[in-house]
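Down below is the structure, laid out as structure tokens.
The values are calculated or read from the model by the stated rules, or taken from the named source; none is laboratory data. No experiment lies behind these values; they were computed from the predicted model shown. Neighbour counts run over all protein chains shown; Cβ positions are idealised from the backbone, glycine included.
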Amino acid sequence: MHSYDLSKIFSKLRYQRNIFELSKGLMFKKNISGSQEVYIFCLKKERNAAITMLFVFFPIDVLWLNSKFEIIDMKENVNPFSLYVRHKGKAKYFIEMPSESIKKYGMKVGDRILFPI
């Protein structure tokens, strides 16, 4: 099991906390592929946090974390305009990052992802 500090891997951590930010996500955003930008979605409690890729025009990698910051599920290269992308378990956080990030950094289920809250 490994730990990854997102602030040492990516230079731009963008937090999504309120209902508007959580529901909008990456819709209509510029392509983050090849960028140093990640989006961290912070939920009030652990729950099902399926995503939609409507109006997201580029593929991304997604990590779902529990309240202990452990990866409980991940999806690589999620296709643009996917209607419903579900995950296993209950998530407190999910992270949307440039496509190929999971492979590039060797992230696995059970690893810890650290970031300032």
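Of the set (1) within 21 Å of Tyr105 (Cβ to Cβ); (2) in contact (Cβ under 8 Å) with a residue 12 or more places away in the chain, all apply to Leu43 but (1). Residues in the range 40-57 that are closer than 13 Å to Ser99 by Cβ, in contact with a strand residue (DSSP E or B) (Cβ under 9 Å, 6 or more places away or on another chain) and not β-branched (Val, Ile, Thr): 1 in all.
A count restricted to the range 2-39 and to residues that are touching a strand residue (DSSP E or B) at 6+ places or on another chain (Cβ under 7 Å) and either assigned to a strand (DSSP E or B) or touching a residue at least 40 places away in the same chain (Cβ under 8 Å) (or both) stands at 20. No other residue among Glu21, Glu70, Glu96 is in contact with a Lys or Arg (Cβ under 7 Å, 6 or more places away or on another chain) and either surrounded by fewer than 20 Cβ atoms within 10 Å (Cβ to Cβ) or under 21 Å from Ile9 (Cα atoms) (or both) apart from Glu70. Taking the listed residues Leu26, Leu6, the one that is surrounded by 15 or more Cβ atoms within 10 Å (Cβ to Cβ), modelled with pLDDT under 95 and out of contact with any helix residue (DSSP H, G or I) (no Cβ under 9 Å at 6 or more places or on another chain) is Leu26, with no other qualifying.
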